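Read the structure below first, then the notes.
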Amino acid sequence: MKETRVFVYYTGGTIGMVPGRSGEGPANPGDFTAELRRHPELFDKEDGDWFVLPSKATADCPEQFIVKYQVEEVKKPIDSSKITPEHWEHFTNKILKKQTRYDGFVLLHGTDTLAYTSSALSFLLKDFKKPVVITGAQRSVFEPRSDAVENILGSLLIAGCYCETPALQLVSVLFDNMVFQGNRVTKIDCSAFHAFSSPNSLPLVELGVTIKVNAMSSSPVPSPSPSPCFSPYLPTSLCPLLCSLSLCDVSDVRVLRLFPGIKEEYVRSVLSGAGGVILETYGSGNAPDDKWFLEALKQANRHEAHLEGNTSTSGLREAGVLSGYDITSEAALTKMIWTLKKYTTQEQRKKALETSVCGEMTVTISPDPPLI
């Protein structure tokens, strides 16, 4: 049987926490990797410096592979609330440096910012033709009733047994036996094992009694009826408006959420001097039609700003707002950061923001040819 090799990168998060005197904390170096040996679903034997998945674990896969994997732990586990864009670049570089040695990759990550990381990596690795599966857990692998073992096992199967499936050679998120496109997910629950949802795109894979692969081509799996905004699973329905307002500091991306009674001074303070702003509107793209509000957007546009969002009102379109369609807030923010860093001209940035670069939004009109 053919062997496939997977790199597992443990970066921190609940999945590797252990109880201590002052609550849960990261395990000692090496303890997480050692813990994997205790779980027969994840460990059959060692072959040199490789762990080998048991053959029973891979029996449901369409092709019979021997899946071997190696685990690397970060020196200091990262709490997901402390994740920054610099970490995204670090994860990307780690994967790229190891791309010739491994067939697939698994990134173990805290859940709070997992959707941001998966979205960011989808842009940073958009031309990477190997599966990168990101997962975490709601309960630690060291605890009973943990979802960690199933999430790790499922990720290893996708990264190892489906590494030659073109539709899965992308950044994805595996959680609770579902595989989602990485730039289509959002966290919906802090206490249930079903912690993530993909509001406007079907799961790529469903790991039930059998493994059902919905993604059979390199194109993202669409929703049967793409909604103009977010899923009803979310507590509110928000549509992001992306505004590139200044080119002096492309790392300064802000979020402005509209709310009843929002003041002009507040709006202008957020728009002023930002590298980019995610404006979250009401419903399917509704926003106030106050003269001062629209003038603030027009002023940004006159200063060569890029404005993007779900433009359901003519006022927003007249203010120069481009459509963001059904993009999630996480993907909107990370795409803005990526766009401002990757492209240098206004026209390139505008085209990137209104184009589905790597399946992050359902474009309902024929876009210009994608940027290379």
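The values are calculated or read from the model by the stated rules, or taken from the named source; none is laboratory data. Given the structure is predicted, the values throughout are model-derived calculations rather than measurements. Here Cβ is always computed from backbone atoms with ideal geometry, including for glycine, and neighbour counts include all displayed protein chains. Accessible surface is based on the protein model in full, side chains and every heavy atom, while ligands, DNA and RNA are left aside. Shrake-Rupley method; radii C 1.70, N 1.55, O 1.52, S 1.80 Å.
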Rounded to 5, percent antiparallel among DSSP beta bridges of region 99-199: 45 percent
Within region 13-168, percent of DSSP bridges classed antiparallel, to nearest 5: 70 percent
Cα gyration tensor shape for region 44-199, rounded if a/c is under 1.5, else prolate or oblate: rounded
Accessible area, probe 1.4 Å, largest first, for residues T100, T165: T100, T165
Candidates per trypsin sites (Lys or Arg not before Pro) in region 116-215, loop by DSSP, up to 10 other Cβ within 10 Å: R145
Heavy-atom SASA rank of C358, C161 (probe 1.4 Å, accessible area, largest first): C358, C161
³J(HN,Hα) computed for each position of region 56-61 - Karplus, 6.51 cos²θ - 1.76 cosθ + 1.60, integer Hz, glycine/proline x: 5, 5, 9, 5, 7, 6
By accessible area with a 1.4 Å probe, ligands and nucleic acids excluded, highest first: order of E295, E89: E89, E295
Whole-number D in µm² s⁻¹ for region 1-118, Kirkwood Cα-pair radius fed into Stokes-Einstein, 10 °C, 1.306 mPa s: 102 µm²/s
Calculated SAXS-style log₁₀ I(q)/I(0) at q = 0.18 Å⁻¹ - region 1-68, Debye, Cα scatterers: -0.77
Inter-part distance where region 134-172 and region 86-116 are each reduced to a Cα centre, Å: 13 Å
